[in-house]
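Novice: Dropping the structure in here first, questions after.
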Amino acid sequence: MPRHFDALVVGGGIAGLSFALEIAPHGRVAVLTKRSRSEGSTNYAQGGIASVLSEDDTFEAHVEDTLTAGAGLCRREAVELCVRQGPSRLRELVRLGAQFSPGKPGHEFDLTREGGHTRRRIVHAKDMTGREVERALLAACDEQGERIQFFEDHTSVDLILDQRRGRRCVGAYVLRPDGEVDTFLAPVTVLATGGSGKVYLYTTNPDVATGDGVAMAYRAGASIANMEFMQFHPTALFHPEARSFLISESLRGEGGILRLRSGEAFMGRYHPQRDLAPRDIVARAIDAEMKRTGDDYVTLDMTALSRAFLMERFPNIYATCREHGIDMAVQPIPVVPAAHFQCGGVQTDLRGATDLPGLLAIGEVACTGLHGANRLASNSLLEGLVFAHEAARLARELMAEGSLATAPDWDPGRAVTSDESVVVSHNWDEIRRLMWSYVGIVRTDKRLARARRRLELLRDEIRAYYWDTRLTRDLVELRNIADVAWLVVECAARRQESRGLHYTLDHAAASPRAEETLVRRDPRAGAA
Ligand code: SIN
């Protein structure tokens with residue numbers, strides 16, 4: 001029996017939960033999360049939320065900084081929308097109970113700086129901003145009682161389209177923890193699945209970031225834009241057991257200096273804003289220095305700041321470094337770049353609508369035009385808040401016009417239980433390694449062609465295995481990362497220029513015309 005709701009939200013981060021909270025007074029909402037309900041990128045966000053809140057800041061300056069980082073590819077309307085709504089959305093979060101680090105007496109918030117910002121405008125909760133935001137949103141959701149129902153350990157498999165109603169999205173097939181597949185139906189389906197850092201071998205993202213929303217939307221025939229713009233965070237902790245733990249850019253905002261292992265500070269050779277240059281420039285500079293010196297890492301030097309300040313301002317990072325034997329008050333922190341944020345995604349308009357009726361996308365999964373070719377630090381939690389708000393307004397209209405949908409139950413076909421989970425782990429590993437080696441910070445036509453050839457083979461193999469095997473979450477995720485990796489390569493190969501995060505040695509200059517890269521699957525192409 002299908003489960004019916006007024007809105008189906010896939011993902012429980014800042015965008016999904018904010019949307020659910022706004023819609024709850026108007027209908028019943030299901031929120032699906034692949035693991036526990038707080039497990040997603042929001043929960044790990046360290047930096048903060050960028051917003052114009054100080055007297056020496058202006059909307060124009062925040063807009064300008066965002067456009068500059070975006071390297072000519074931002075949609076100005078999306079940027080204006082986010083920047084101008086920022087303070088209201090942030091105050092709503094505070095009303096819901098989120099507690100941010102207070103400023104000096106007379107200042108509501110302690111505002112920090114990150115790369116590419118010309119003003120201090122990042123609101124934060126020490127170095128655990130996402131955790132505080134997620135806590136406050138979940139607590140607010142719980143107050144809604146039955147109106148917001150969470151389904152943990154539920155993995156969305158594919159979107160359901162009603163062919164008779166103009167390929168309208170009417171819900172999703174969802175894998176339950178017991179291995180059965182349920183049908184969830186709703187007049188509005190919202191992808192809030194976050195990003196796809198797990199496509200790369202090294203990433204700051206949690207394990208759930210397997211690009212599920214992009215992959216499902218692509219298979220359903222929605223337009224996918226700008227997937228070549230994968231942001232590499234310049235500073236993840238370099239330690240064999242640290243799994244690319246993020247070392248927040250706000251450390252550099254508070255005075256941290258990047259140095260070679262020899263002690264030389266090098267960012268002055270790359271950009272006038274030195275350590276606070278936009279992220280793409282810092283990540284490329286580190287990559288170039290590591291290649292030049294042959295070192296496995298560079299260092300971030302915080303030793304000019306007092307231990308008391310570091311412990312108070314960065315308690316999580318301080319403690320994690322200590323756990324790994326690094327005392328940041330007296331020793332530089334070894335750091336390397338790692339995949340961090342997907343700037344492209346499912347293409348949407350300013351209300352979160354995709355080109356499939358009934359399907360919205362918000363947060364990192366979406367390409368709204370805010371980030372262009374490179375995201376300005378701490379603009380992403382802001383985007384999640386603003387677009388959740390806009391999408392909720394649209395969803396109310398869709399709910400009002402939506403009739404009760406029907407859909408066939410999931411057909412397991414000839415699938416049998418697999419005794420070869422090695423296929424999944426091997427292919428998973430191969431994809432992530434080849435993406436790291438061939439589709440990383442610096443690209444070439446040849447490397448992209450190699451990656452494409454291998455991915456096409458892998459996708460064929462995964463497809464065959466997928467239809468023959470009973471579903472598991474690992475298999476669903478493998479199929480998704482294979483599709484997303486292919487989309488990144490496809491978009492990268494089409495962009496015959498260097499712009500923002502896409503840097504290729506074969507086309508080192510930016511072309512005079514800035515255009516989005518769009519990929520759309522032919523809906524008549526059959527099973528994906
Ligand atoms: C960070 O804390 O450096 C990450 C902030 C962001 O990615 O926006």
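The values are calculated or read from the model by the stated rules, or taken from the named source; none is laboratory data. Just so it is clear, the model here is predicted, and its values are computed rather than measured. Glycine gets a Cβ as well: all are built from the backbone with ideal geometry, and neighbour counts include every protein chain shown.
Novice: Does T235 count as buried (at least 24 other Cβ atoms within 10 Å of the Cβ), assigned to a strand (DSSP E or B) and touching a residue at least 60 places away in the same chain (Cβ under 8 Å)?
Specialist: yes
Novice: Within region 238-257, can you find the residues that are outside any helix (DSSP H, G or I) and within 13 Å of the ligand (Cβ to nearest atom)?
Specialist: S244, F245, L246, I247, S248, E249, E254, G256
Novice: Okay, next question. When you check L90 against the structure, is it more than 16 Å from the ligand (Cβ to nearest atom), touching a residue at least 40 places away in the same chain (Cβ under 8 Å) and part of a helix (DSSP H, G or I), yes or no?
Specialist: Spelling it out, it is not the case that L90 is more than 16 Å from the ligand (Cβ to nearest atom), touching a residue at least 40 places away in the same chain (Cβ under 8 Å) and part of a helix (DSSP H, G or I).
Novice: Of all the strands (runs of 3 or more DSSP E) wholly in region 304-409, which have at least 3 residues that are under 30 Å from G440 (Cβ atoms)?
Specialist: Of the strands (runs of 3 or more DSSP E) lying wholly inside region 304-409, those with at least 3 residues that are under 30 Å from G440 (Cβ atoms) span 333-342, 345-347.
Rundown of residues vs (1) part of a loop (DSSP other than H, G, I, E, B); (2) of a type in the set (S, T, Y); (3) at pLDDT below 95, yes/no style:
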site	(1), (2), (3)
S418	yes, yes, yes
E461	no, no, yes
Y466	no, yes, yes
L471	yes, no, yes
E477	no, no, no
V484	no, no, no
H507	yes, no, no
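Novice: Please enumerate the residues belonging to region 258-291 that are assigned to a helix (DSSP H, G or I) and either in contact with a His (Cβ under 6 Å, 6 or more places away or on another chain) or within 15 Å of the ligand (Cβ to nearest atom) (or both).
Specialist: Result: D275, L276, R279, D280, I281, V282, A283, I286.
Novice: Residues to consider are A308, A329, A353; find the one that is of a type outside the set (F, W, Y) and touching a residue at least 40 places away in the same chain (Cβ under 8 Å).
Specialist: One residue alone meets the criteria, A353.
Novice: Here's something else I'd like to know. With respect to the numbered conditions (1) over 29 Å from Y503 (Cα atoms); (2) within 21 Å of the chain's Cα centre (by Cα); (3) of a type in the set (S, T, N, Q); (4) within 16 Å of the ligand (Cβ to nearest atom), which one is the sole condition not fulfilled by S41?
Specialist: So S41 meets the others, but not (1).
Novice: Could you identify the single residue in Y218, Y270 that is crowded, with 18+ Cβ neighbours inside 10 Å and out of contact with any Asp or Glu (no Cβ under 8 Å at 6 or more places or on another chain)?
Specialist: Y270
Conditions tested, residue by residue: (1) within 16 Å of the ligand (Cβ to nearest atom); (2) over 22 Å from the mean Cα position of the chain (by Cα); (3) crowded, with 24+ Cβ neighbours inside 10 Å.
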site: Q99; (1), (2), (3): no, yes, no
site: R131; (1), (2), (3): yes, no, no
site: Q149; (1), (2), (3): no, yes, no
site: R168; (1), (2), (3): no, yes, no
site: T183; (1), (2), (3): no, yes, no
site: V190; (1), (2), (3): no, no, yes
site: Y200; (1), (2), (3): yes, no, yes
site: A209; (1), (2), (3): yes, no, yes
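Novice: Now a separate question. What pairs can you find where one residue is in region 469-489 and under 20 Å from A449 (Cβ atoms), the other is of a type in the set (D, E), and their Cβ atoms are less than 7 Å apart, with a gap of 6+ or different chains?
Specialist: Listed by first residue and then by second, the contacts come to V488/E228.
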